[in-house]
Every structure is written in C-alpha cells, then in structure tokens.
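Peer 1: This structure is in structure tokens; I'll ask about it shortly.
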Amino acid sequence: MKNSIYLAILIYIFSFASSVANAETIKRDPINYTIILDLSDRVLNPNQLSYDIEQIKVMFSKFKQKAKQNLIITSKDRFIVKIIPQNNSPLNIDYFENALQLRLDQISIKDKNNRLNQLDKQFSEILQKLESEALYGNKSSDYAGVDLWAFMNENKENMTFPNYENTIIILTDGYLDFENNNHVMKIGNQYTSTKFINTLNMKNWKEDVKEKNYGIIPIKINVNANWVISGIKSKYPNDLMQINKLKYFWSKWINESANATPKFINYSTKSQIVSELNSIIN
C-alpha cells in the first residue's frame, strides 16, 4: 500500500515538473500592438469610422486573448492607439489616446487583471464617443489634413519597443497629403508627401521610379515589427494604377525605414476588411 502511495506521489511530482518545463518552453516575448488612426478627410468615406472602430475592436480582442494565454499577473503586453492629430480639430486626442491604451508592464501585479477587465467594459463606449466626435465636417475643406510622415518621424521611438513582438497597424487611405504643402521636404526625388505620385502617368512608371529613385523620405526605425496598412483607397478612380502606386511606395518606404515588408488591406466592406485583418493577425 505504501509503495503505491509513494508511486502516486512520484508520478504527481514528475507530472508537475513536466508541466512546469512545458510552460517554460512556451514562454514568448510580450506583444505590443500599436494602432495608428488617420483622421484626415478619409473619414468622409461612407462608414469609414465604423470600419476603423471595428478594426480597433478586433485588435483589442486579440490583445486580451494573448494577454491571458499566460498568467495575466506576469503579462507585459502593450496595447496602444495613436491618433494622428488633425490641425484645428476639436477632438480631445490626449483623452482618447490615454483611454485606449494599456501597458501591462507598467501596472502592479495585483492591478493587472482589474485594469484589463475595466478597459474591456469601457472599450466600446470610448470608441463610440471617438466615432461621434471625430467627424466634425461633411466636406474635405473642413479638414486641414494630417502630416502622416511628420507623425511617424516624431513617434518612431514610441511605436515599437525592444524585446517585444511588435505589430503596427496604420488605418489610412495611403495618402501622405495635406492642404498646406509649404512644409513638404524634398531630398532628390524623395518627399514627405505622396503628391509626386500624380506626376507618374506613363505606362512604364515603375522603371522611371527605379531609375530616378522616386519615393517617400525614409525614417530610421531600429526595432523590428510587423506592419499592416489597412484601408488603402484611391482618390483618383480614373487612374487604374493608383492603388498599385500607393502600395509600391508604401512598401518602398517601410522597407527603407524599417527593413520590413508591409501587408495591405484595401478599402472594402467591413466584413471583408475584418476578415483580412483576422487572417493577418494570428
């Protein structure tokens, strides 16, 4: 009888040790999801804001799942929403950015789970408020435009973090344009705007681009990340190559800036966009 008890104890000990060893082998780097929301006149697209909001919800849902895969008390995962400021916008950007971020590495062990659950309960309400306040005009002239290049350059150290599995999702139509182009920088045939795309109307535009090195001025981003550009949409339907050009120059820019190849999601139906996002982000 005693031998049976000892044997049972030994089996339990070995099983426990094995489970601990397995837990060690599945340890992962913490994740960082940074979502960048472009609130230029693209928000005038039908249902654009609801599409953006839905994608942010999808990413937060994935963040919760990842954070809880391991013990939440040890999680260092980060979820960050950055809003590209619109000149003269009445939107309280600081409020929304603070309300929509969660950095579990900066929260005490005893508070991690409560903070995650609290944001989970408030998340839809905060996004609903953002959706209602972000649309403050009904024509393009109401929006001064956003300087996406300047934003990326100024925030390049706040989007990705060392020792994290970084994912950057940019919700944008792909244009780096704004109403006032007086401060557009140029180095050779590279710019901080995408206005130059409109001059590339020849059939062999790609050969010309490679020969003359047209593009967007690179930004030095040293930390690795997965990049997703979601919402690509042509402003010029008569140019059948417009979306191809946007993707080409974004790919060139991200590759030269961060040594990465971005994935793209075209502007489409909400269900299609969400489906593609889900397929890209595991």
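The values are calculated or read from the model by the stated rules, or taken from the named source; none is laboratory data. Note that the structure is a prediction, hence the values are computed from the model and not measured. Ideal geometry is used to build each Cβ from the backbone, glycine not excepted, and the neighbour counts take in all protein chains shown. In case anyone asks, the SASA skips ligands and DNA or RNA and just uses the protein heavy atoms, side chains included. Shrake-Rupley method; radii C 1.70, N 1.55, O 1.52, S 1.80 Å.
Peer 1: Which ranges mark the helices (runs of 4 or more DSSP H) fully within the range 27-143 that have 2 or more residues being farther than 23 Å from ASN155 by Cβ?
Peer 2: Of the helices (runs of 4 or more DSSP H) lying wholly inside the range 27-143, those with at least 2 residues that are farther than 23 Å from ASN155 by Cβ span 48-69, 112-134.
Peer 1: Does the range 41-61 hold any residues that are over 20 Å from ASP147 (Cβ atoms), open to solvent by less than 30 Å² (accessible area, probe 1.4 Å) and of a type in the set (Lys, Arg), and which are they?
Peer 2: none
Peer 1: I would also like to ask the following. Tell me which residues, restricted to the range 207-250, are part of a helix (DSSP H, G or I) and of a type in the set (A, V, I, L, M, F, W, C).
Peer 2: VAL209, ILE243, LEU246, PHE249, TRP250 - these are the residues of the range 207-250 that are part of a helix (DSSP H, G or I) and of a type in the set (A, V, I, L, M, F, W, C).
Peer 1: Something else about it: So the check is Cβ under 9 Å with 6+ separation or different chains; which pairs have a first residue in the range 88-103 that's modelled with pLDDT of 95 or more and a second one that's of a type in the set (Phe, Trp, Tyr) and open to solvent by 60 Å² or more (accessible area, probe 1.4 Å)?
Peer 2: none
Peer 1: Taking the conditions exactly as written (under 30 Å from MET185 (Cα atoms), in contact (Cβ under 8 Å) with a residue 40 or more places away in the chain and open to solvent by less than 60 Å² (accessible area, probe 1.4 Å)), does ILE80 satisfy them or not?
Peer 2: Judged against the criteria, ILE80 is a match.
Peer 1: If you go through the range 199-206 one residue at a time, do you hit one that is open to solvent by 20 Å² or more (accessible area, probe 1.4 Å) and part of a helix (DSSP H, G or I)?
Peer 2: yes
Peer 1: Oh, and also: Please go through the range 51-88 and give me each residue that is more than 16 Å from the chain's Cα centre (by Cα) and among the small types (Gly, Ala, Ser), ordered by number.
Peer 2: ALA67, SER75
Peer 1: Quick one: which residue in PHE249, PHE264 is modelled with pLDDT of 95 or more and open to solvent by less than 10 Å² (accessible area, probe 1.4 Å)?
Peer 2: Exactly one of PHE249, PHE264 is modelled with pLDDT of 95 or more and open to solvent by less than 10 Å² (accessible area, probe 1.4 Å), namely PHE249.
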